[in-house]
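Participant: Below is a structure I'd like to ask you about.
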Amino acid sequence: MIELRSVSKTVQSGDHPLTILHPLDYTIAAGQFVAIVGPSGSGKSTLLGLLAGLDAPSTGSIVIDGTDITKLGEDALAKLRGEKIGFVFQFFHLVPSLTAVENISVPMEIAGRRDAMARARQLIAEVGLADRAHHYPSQLSGGEQQRIAIARALANDPPIVLADEPTGNLDSGTGRIILDLLLNVRRTRGATLVLVTHDAELASLADTRLTLRDGRQVETRVGAAS
Amino acid sequence: MNFILLMALREIRASWKRLLFFFICIAIGVGSIVALRSVIQNVRGALATETRTLIASDILLSSNTPMPEDVRALVAREARAGRVAETTEAVEIATMVRPGDGRPVARMVELRAVQAAFPFYGTLTLRDGTYSHARLTGGGALVRPELLAQLDLRVGDRILIGTKPFEIRGVIASEPGRSLGAFSLGPRVLVDLADLQSTGLLSFGSRANFQLLLRAPEPTVRQLGATLTDALANKFVRSRGYWQNADRIGEDLTRAENYLSLVGLVILILGGIGVSSVTRVFVQQKVRSIAILKCLGGTSRRVLAIYMAQVIALGAAGSALGVALAGAVIASVPSFVGSLTGTLQIDYGLSASAVEQGLAIGVLVSLLFSVVPLLEVRLVKPSLLLRNDVPPLGRIDWLKWGVTAAVAASLVGVAAWQAGSLRVGLMLSAGFVATAVVLHCAGIALIWAVQPLRFSRSFALRQAVLHVVRPGNQTRVILLAVGLGSFFILGVRALQADLLRDFAVQIGPTAPDMFLIDIQPAQRDALSAYLDSQNGDAPPPNTIPVLRARVTGVKGKDVTLDSYEQVRGRSGLSREFTITYRPELERNEKVIAGEWWDPRTPGAEPEVSIEEGFLRNTRLNVGDLMSFDVLGRQITARVASIRRVDWQDFRSGGFMFVFRPGVFDAAPHTFIASFKGPGDPDTRARMQAGLVAQFPNVSVIDLREILQTISGIVNNVTTAVTVVGSLVLLSGALILVGAVSMTKFRRVYEAAILKTLGASGRLIAAMLVLEYGVLGAIAGTVGALGAIALSWAVATYALELAWSPALALTIGGIVVTSIFVAVVGVVASWDVLRHKPLSTLRAE
């Protein structure tokens, strides 16, 4: 379970402070699929980053499975991410110097798993790119890179998968494939899926839809899937 | 741990081309250190096994007068006591040699007259057969091949030494006892000691060195050495044991090894600066990858460890390459220095300790110079994957400053380790920092000076100047490295020009350029007459009476030295001085205390005028008494005046002690003479040969030949320093290549945009040429300014030479540096011109 208690984020914009996320209280139950929607600059990605411990909130606390992650140091946060959170970015963010299969194996190697490479091969096969295992990111299309990124996010079987507009940079056909992969993950592994999207159709598939505007929660709607 | 190593290997696999120059920088520095240390250790190793060979005996006694009888008696006593096994005598003297067929040529040689037992150790090797003393007996001579070439002689021909003819019976290939790399007045000639007396060379006052070589049983040899040193303290006979020889040469070599290693260290530190700048840019480029790793669960410490491991691996690879380069260089050493080392059998090869040191320093310098930039890894936040506007760290990064201080202290430690002295290490570090700061400030000033070009009408020039000052362009590092290289080269070239100009002035059109020594009083008039007859309208020779004397006592207000021991205790006081007497001051002298004697009236007591340099050891004053041993006769003289001699003007001679005429008028002494010889080489050679034929005991020193030798030495030193400067410049070029390749992605992108906006390939090329040309011109100017300052300071204060700015050299240096940097920069940026704009913009 993920609990947000009065979580806000303020950054410095020139000489003035700028609040990009106003205090928010919200709870995400384990295994839930939540879509965060809203226009650009509404604070969606900021919220997702705070959930992943990629950034620290200005106020409030975020509790994941009973652990207040806002009290953790950088290294403890990194460890937590490695164990509990898989993250999928809009711009894929694969390590350019590693091949596709190496990119998938990295989180497992960090966690010290001995079967890292074998499992990476299994995962790359699951996303349908076994024949591209030894290609570098620059040699893959956007859709292929995103499939590798999803495989990487699933490497350590995290209970939480966070995705920041995972189809936002892809054509609709490829976006559909990526979406199916993510939904399949949730279905087969029972993971909590939090997804930031502009896509209304995609959002409608979520259990719950959280709408933000100008950094404020304006609506929470239970979706069709529930 | 596995993850760290695995990732380090993967990173190297992906970035090795970009980091290629990283390990070349390290390789050149490590290669220099390993090569220099190995060669010197090889020489030291050879010397350690051949220390007896160097003096051809266990103990060598030497004196500038025939060996005193009491010394012989002492040696005989020691022999009876079983502490001396065998003795033999030798005499060394520099003299003139002429062909026996009367051809008008002559050469100065270093003659050594030996007995049958010579040498006790080592082998005298001949080109044609084996050495035995029988080859020398009855007027035989063995000569070095250079003499045969110089006088066009062959084995079997006759030569005249003094008044005696000798038959050349062999050619010396190598000879024990010949000092390593020692300056020599001429090629070696070996004769029988029994024949030397009849040459007439050992007349009174001749500059011969009389030697007694001892062979002694090993168990008591050092005790014998101590006994002889004590007993000879008052005799001005020098005793030298083979172990002292080894100690002295060992100390010299250790010093040389440490100083030369510092040269390697300077090159390595420059490489380190390159490493530092590459690492900084590398981390900037890797920020996203670092953020991804952190996002995937990697802690800062583990991510830092990945890049540290990478640096260590690259440092180790670079060091290994350096060792390989050093091996290749050392393999070619024998062909370069074969003739220099003479008899010494040196096995050139990499020494294990030099390799160990090189590898350790290579990895250490890599780590030290990259650790501070790598600390940036800690500050990379994974949130930048979501948002680029990560606020900068507001507080002071104490860890970074602490590590920077530790790195600085470690570098001082490395310098001190390499120099073998904390003081030298600190001085080098301070010197390096000072030079870097000065070059840096000069660079900033010059960058500021070219700013008006930003408003030039030329688009290419405008862009070029803007690029020079743009952030992250590595301008400061390039200026430092290239500037330092040109500073070294131009500085030493300017000094070389000053030195050679000074010597050329010394032997100007009217100044004396030939010197005669060991002229006997009876020969004086005849010699003057001969020179007048041969030398046309040239001014008559200036003959000066000379004697040799030692200071044996000083009685001043502040100092009283009554014994030889006390005199010896004062550094430099006990050496033998050449003294003269005359009524007048010479034109290069000035009295600074007391009064010069009135030449018309005889003095009531012996009087002496001393040179001010002598006061450093004695604090003497006018009116004090000094005692001298002049050829065994004790003279006490009152200090009448203190003179300042302009030593630069050596044509008028320079003497520490000048006596009032009268004291030595009747004493046996010799004369030296100086005169302007004929300009035509043939006439000059004929005149020399005639002189030697008529006055065989007189030695001729031809200043023109000496000048050639000095020019050769100056040129060799210049070449050596130029090689070092070139290595520094090469490091600079590598840093330039590295900086270009690390920032190339930015240029490629900019070029793509400019091409899209209509810029032609030629315009982009012109921008690149101008940018690097301007950078090179600034670096060259920085180096040239430094070189001017260096040459002025060294010429004025160290060498006391007249200094003048080498304008052509300076301008030429700036132009060449500018072209050099432009060519290297453009070649390294070739990709910028080659890339198609569409692919570049798509990739972005």
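The values are calculated or read from the model by the stated rules, or taken from the named source; none is laboratory data. Keep in mind that this is a model prediction, so the values were computed, not measured. With ideal geometry, Cβ positions are generated from the backbone for all residues, glycine too; neighbour counts draw on all protein chains shown.
Participant: For segment B:69-84, state whether one or more residues are out of contact with any strand residue (DSSP E or B) (no Cβ under 6 Å at 6 or more places or on another chain), of a type in the set (Lys, Arg) and under 17 Å from B:SER174 (Cα atoms).
Facilitator: No - not one qualifying residue is present in segment B:69-84.
Participant: Follow-up. Determine if segment B:67-82 includes at least one residue that is at pLDDT below 85 and surrounded by fewer than 22 Cβ atoms within 10 Å (Cβ to Cβ).
Facilitator: no
Participant: So, one more: What is the one condition in (1) over 36 Å from the mean Cα position of the chain (by Cα); (2) at positive phi that B:ALA56 does not satisfy?
Facilitator: (1)
Participant: Let me ask something else. In segment A:66-102, which residues are of a type in the set (S, T, N, Q), surrounded by 18 or more Cβ atoms within 10 Å (Cβ to Cβ) and within 23 Å of A:THR192 (Cβ to Cβ)?
Facilitator: If the condition is that a residue be of a type in the set (S, T, N, Q), surrounded by 18 or more Cβ atoms within 10 Å (Cβ to Cβ) and within 23 Å of A:THR192 (Cβ to Cβ), then A:GLN90 is the only one that fits.
Participant: Which of the residues belonging to segment A:19-65 are surrounded by fewer than 21 Cβ atoms within 10 Å (Cβ to Cβ) and within 9 Å of A:VAL7 (Cβ to Cβ)?
Facilitator: A:PRO23, A:ASP25, A:TYR26, A:SER58, A:THR59, A:GLY60, A:SER61
Participant: Turning to a different aspect of this structure: Among the residues of segment A:57-102, which ones are within 11 Å of another protein chain (Cβ to nearest Cβ), free of Cβ contacts under 8 Å to residues at least 40 places away in the same chain and not in a loop (DSSP other than H, G, I, E, B)?
Facilitator: The answer is A:GLU74, A:ASP75, A:ALA76, A:LEU77, A:ALA78, A:LYS79, A:LEU80, A:ARG81, A:GLU102.
Participant: While we're here: Any residue at all in segment A:167-181 that is surrounded by fewer than 21 Cβ atoms within 10 Å (Cβ to Cβ) and of a type in the set (Val, Ile, Thr)?
Facilitator: yes
Participant: What is the number of the single condition among (1) surrounded by fewer than 24 Cβ atoms within 10 Å (Cβ to Cβ); (2) within 11 Å of chain A (Cβ to nearest Cβ); (3) without any contact (Cβ under 8 Å) to a residue 60 or more places away in the chain that B:ALA316 does not meet?
Facilitator: Here B:ALA316 clears every test but (2).
Participant: Given the condition more than 21 Å from B:ILE306 (Cβ to Cβ), within 14 Å of chain A (Cβ to nearest Cβ) and touching a residue at least 12 places away in the same chain (Cβ under 8 Å), answer yes or no: does some residue in segment B:436-456 qualify?
Facilitator: Scanning segment B:436-456, I find no residue that is more than 21 Å from B:ILE306 (Cβ to Cβ), within 14 Å of chain A (Cβ to nearest Cβ) and touching a residue at least 12 places away in the same chain (Cβ under 8 Å), so the answer is no.
Participant: Something else about it: Check B:ALA538, B:ALA460 and return the single one that is modelled with pLDDT under 75 and either farther than 30 Å from B:SER791 by Cα or assigned to a loop (DSSP other than H, G, I, E, B) (or both).
Facilitator: B:ALA538
Yes/no matrix, rows are residues, columns are (1) surrounded by fewer than 16 Cβ atoms within 10 Å (Cβ to Cβ); (2) on the phi > 0 side of the Ramachandran plot; (3) modelled with pLDDT under 90:
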| position | (1), (2), (3) |
| --- | --- |
| B:ALA331 | yes, no, yes |
| B:LEU340 | yes, no, yes |
| B:LEU364 | no, no, no |
| B:SER383 | no, no, yes |
| B:ARG387 | yes, no, yes |
| B:VAL390 | no, no, yes |
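Participant: Mind checking which residues of segment A:136-154 are within 13 Å of chain B (Cβ to nearest Cβ) and either closer than 22 Å to A:ASP171 by Cα or β-branched (Val, Ile, Thr) (or both)?
Facilitator: A:TYR136, A:PRO137, A:SER138, A:GLN139, A:SER141, A:GLY142, A:GLN145, A:ILE148, A:ALA149, A:ALA151, A:ARG152, A:ALA153
Participant: Name the single residue that is nearest to the other protein chains (Cβ to nearest Cβ) among those in segment B:1-37 being small (Gly, Ala, Ser) and buried (at least 24 other Cβ atoms within 10 Å of the Cβ).
Facilitator: Result: B:ALA27.
Participant: Would you pick out the residues in segment B:664-686 that are among the aliphatic types (A, V, I, L, M) and surrounded by 20 or more Cβ atoms within 10 Å (Cβ to Cβ)?
Facilitator: B:ILE672, B:ALA673 - these are the residues of segment B:664-686 that are among the aliphatic types (A, V, I, L, M) and surrounded by 20 or more Cβ atoms within 10 Å (Cβ to Cβ).
Participant: Name the residue that is surrounded by the most Cβ atoms within 10 Å (Cβ to Cβ), counting only residues in segment B:119-159 that are hydroxyl-bearing (Ser, Thr, Tyr) and out of contact with any helix residue (DSSP H, G or I) (no Cβ under 9 Å at 6 or more places or on another chain).
Facilitator: B:TYR131
Participant: Which one of these is small (Gly, Ala, Ser), in contact with a helix residue (DSSP H, G or I) (Cβ under 9 Å, 6 or more places away or on another chain), at pLDDT 80 or above and crowded, with 20+ Cβ neighbours inside 10 Å: B:GLY738, B:GLY786?
Facilitator: Only one candidate passes the filter, namely B:GLY786.
Participant: For segment A:155-190, give me each residue that is among the small types (Gly, Ala, Ser) and either touching a Ser or Thr at 6+ places or on another chain (Cβ under 9 Å) or within 12 Å of chain B (Cβ to nearest Cβ) (or both).
Facilitator: Once the filter is applied, which keeps residues that are among the small types (Gly, Ala, Ser) and either touching a Ser or Thr at 6+ places or on another chain (Cβ under 9 Å) or within 12 Å of chain B (Cβ to nearest Cβ) (or both), segment A:155-190 yields A:ALA155, A:ALA163, A:GLY168, A:GLY175.
Participant: Which numbered condition in (1) out of contact with any Gly (no Cβ under 9 Å at 6 or more places or on another chain); (2) within 10 Å of chain B (Cβ to nearest Cβ); (3) surrounded by fewer than 22 Cβ atoms within 10 Å (Cβ to Cβ); (4) within 23 Å of B:ARG387 (Cα to Cα) is the only one that A:GLY112 fails?
Facilitator: Here A:GLY112 meets the rest and fails (4).
Participant: For segment A:123-135, check the following and say yes or no: at least one residue is closer than 22 Å to A:LEU47 by Cβ and not aromatic (Phe, Trp, Tyr).
Facilitator: Within segment A:123-135, not a single residue is closer than 22 Å to A:LEU47 by Cβ and not aromatic (Phe, Trp, Tyr).
Participant: Where in segment B:90-179 are there strands (runs of 3 or more DSSP E), lying wholly inside it, with at least 2 residues that are touching a strand residue (DSSP E or B) at 6+ places or on another chain (Cβ under 7 Å) and under 21 Å from B:ASP702 (Cα atoms)?
Facilitator: Here the list reads B:107-114, B:158-161.
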